[in-house]
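Values in this text are rule-based calculations from the coordinates and carry no lab data. As the structure is a prediction and not an experimental result, all values here were calculated from the model. Cβ: placed from backbone, ideal geometry, glycine included. Neighbour counts: every protein chain shown.
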Amino acid sequence: MDAPNRNMLWAKVFVDELARAGLKAVCIAPGSRSTPLAIAFAEQVGIRVYSHIDERSAAFFALGRALAEDAPVAVLCSSGTATANFYPAIIEAHYSNVPLLILTADRPPELRHSGANQTIDQVKLYGDHVLWAVDVALPEAEPPALAFRNLRTLAARALARANGLPKGAVHLNFPFRKPLEPIRVERDLHTVADARPAGVPLTQLWRGTLTPDPAQIAVLAEQMVQARRGVIVCGPRCPGGDFPAAVRRLADVSGCLLIADPLSGVRYGSLGESVLSGYDSYIAMAREAVGTPDLIVSFGRAATSQALDDYLNAAESADRWLISADGMWADPNHRVNVAWWADPVSVCEGVAESLSARPQIHLTPQPPLRTHGEAEGEARDGAWRAWLIAADRTTRTLIAADADSYFDGLVLRDVIDGIPDRANLFIANSLPVRNLDQFGLASAKPLTVFCNRGASGIDGTVSTALGVASTNPDQPTVLVTGDLAFYHDLNGLLAVKRCGVRAIIVVINNDGGGIFQRLPIAGFDPPFTELFATPHGLHFEPAANLYGLRYQAVTESTSFRAAFAEALAADSATIIEVSTDRAHDLGRRTEFMAHIRSALSTSISA
């Protein structure tokens, strides 16, 4: 490996080892101090480079790509405040467990704390929001072989740590002295020998699977047999791969109802009777109508629906299991009895196999009441199960048939109806993710849904969605966002042409923060309108023109469905702006909830 000076040799060795260790993509923001690493990445075959002008967009684009691929993506910037713009994406990566490799260039030690230009304290800048932080050694004129081995091993360890258990961000801070450009320096070492075959890393780091113990399997299987009202709750960020099929089979074999959050990876791809998805509309009624569960088995993070959380929290005597491969805690109400750190697929398969060998569990329509923990052998509470299944079916029917004046919730219904199989759906925080939870109900079509739900911010929404879209240009990616989240990351649209990605962006424009209409503060005006609702009076056709995107404006369901179908067929990115009214949206949702209550009350009385 040849280089004109120590900085370039240092950077080329490090980037070469990243490629050998499996890194496939890097997002780079321009800057001077990061020049050696930027050139090394540009010359490295096998690592795709995405160029971004803005560091915040670069970091969120990397986050989106890492989220979609479930593999580390690197992001590189210069020194100074550029590094601080990575922070929001790093926080999201930390709380969502998304693997990121954060590379920051820095001034050499003698310029730190000296008043030198563009110099801040970057050592452990991101605190506990990264899994590991290293202030990398300065390049030397004639480094020993040990220094190069250390640099190569650092690359492998950093990737493995970011992609470990749990996943998250790793920060490597690279100080460089001048010259930063590929200028030949005679006194520096210019060549380093490497006899390894291409693609072979110096250090391979392997991770095994946390297989559940058979005795532990038996305990959960026994609890599922004992339970009269068992639920399996799949929250956001459940595992992919074989997990959705495994957890659905567990629900079928155990007789438990499966509650599928829209971000779980379980809601879409199946229409089984035991999969509940309309719960946000009726679950508040369930406690009084038929009671609460006595066994709750949870996978993934805390559910999106507050109504569901309230319902589960009311089951004070229920046995609660939290199962995850990485041991991340997801119990905001502190109700968990057993936190089980094991591979979720192995758990589901093991318990399902154990239950399959037992006599079939029978459902009775009106079983006698009993307190939690009574003797084994009593039948399931068939009335409880039947009520929830019927409520879910009724909710699905009412949402599908709703043809009254358009509102934001029905936009998500229409997106789920119109989106093709195996598409990516990225959903913004605030109202869009809540409307997806309530109105984007289960479908047989396989979809992959993403959301920055770790810290639930609205920043970086466009950039993250475009990062997701970059992973497979032939696979449609749809972003549904509110107007404030869209405005907050308008500069992220530059990646459409700069990085060669395509997406359909549905902007629900209710002229401000519609989520605040649901909160008590809405009754206090002033200051509600000015400080919370924050109306802006903007429409986004000029933004589409600025970035060269197709644009369509719609206000009702028929025109939206037509525009959505046209955008899916187009060969370029499209913005579809749906204009709604905050007060009208809230009023229509309130009417819909009343309609649900009336329909369920009638069916119960009958």
Task: For peptides 554-567, 533-546, sequence by mean Cβ density within 10 Å, most packed first - done: 554-567, 533-546
Task: Three-way shape call for the range 1-140 based on the alpha-carbon gyration tensor, with the a/c threshold at 1.5 - done: oblate
Open item on the list: Counting C-alpha atoms alone, how compact is the chain: give Rg to one decimal and Dmax as a whole number, in angstrom.
Closed with: 26.5, 91
- [ ] State whether the range 420-520 is rounded, prolate or oblate according to the following rule on the C-alpha gyration tensor (a ≥ b ≥ c being the square roots of its eigenvalues): a/c under 1.5 gives rounded; otherwise a/b larger than b/c gives prolate, and the remaining case gives oblate.
- [x] oblate
Task: Cα-based Rg / Dmax (Å) for the range 229-359 - done: 13.6, 37
Open item on the list: At R0 = 60 Å, how high is the FRET efficiency between residue 417 and residue 185 if r is their beta carbon distance? Nearest 0.05 is fine.
Closed with: 0.45
Task: Difference of contour (0.36 nm per residue) and Cα-Cα distance, residue 583 to residue 341 - done: 82.6 nm
Open item on the list: For a Förster distance of 51 Å, can you work out the FRET efficiency between the beta-carbons of residue 178 and residue 219, rounded to the nearest 0.05?
Closed with: 0.20
Task: Cα long-axis angle, helix 279-290 against the chain (0 to 90 degrees, to the nearest 10) - done: 40 degrees
Open item on the list: For a bin width of 5 Å, list the pair-distance distribution of the range 381-423 built from all Cα-Cα distances, rounded to whole %.
Closed with: 5, 18, 20, 17, 16, 12, 8, 4
Task: Cα centre as origin, Lys/Arg/Asp/Glu Cβ charges: the chain dipole, Debye - done: 1080 debye
Task: Karplus 3J(HN,Hα) series, Hz, for the range 178-184 with 6.51 cos²θ - 1.76 cosθ + 1.60 (x for Gly, Pro) - done: 6, x, 8, 7, x, 9, 6
Open item on the list: Let's test the formula: R0 of 30 Å, r as the Cβ-Cβ distance of residue 43 and residue 118. What FRET efficiency results, to the nearest 0.05?
Closed with: 0.75
Task: Whole-number D in µm² s⁻¹ for the range 136-261, Kirkwood Cα-pair radius fed into Stokes-Einstein, 37 °C, 0.692 mPa s - done: 163 µm²/s
- [ ] Sort largest first and round to whole Å: the equivalent ellipsoid semi-axes of the range 113-159, each the square root of five times a Cα gyration tensor eigenvalue.
- [x] 24, 19, 6
- [ ] Any chance you could run the full-extension gain for residue 393 through residue 353? It's 0.36 nm times the residue separation minus the Cα-Cα distance, nm to one decimal.
- [x] 11.5 nm
Open item on the list: As I understand it, the value is the acute angle between the Cα axis of helix 55-69 and the longest principal axis of the Cα atoms of the chain; what does it come to in degrees, rounded to 10?
Closed with: 60 degrees
TODO: Kindly write out, for the range 545-561 in residue order, the coupling ³J(HN,Hα) from the Karplus curve 6.51 cos²θ - 1.76 cosθ + 1.60 (θ = phi - 60°), rounded to whole Hz, with x marking Gly and Pro.
DONE: 5, 4, 9, x, 9, 5, 9, 9, 10, 9, 9, 9, 5, 4, 5, 5, 4
Task: Under 24 Å from residue 24, Cα to Cα: lysines that are on another chain or at least 8 residues apart - done: 12, 167, 497
Task: Whole-Hz ³J(HN,Hα) from phi, Karplus 6.51 cos²θ - 1.76 cosθ + 1.60, for the range 577-592, glycine and proline x - done: 9, 9, 8, 10, 10, 4, 5, 5, 4, 5, x, 5, 5, 4, 4, 5
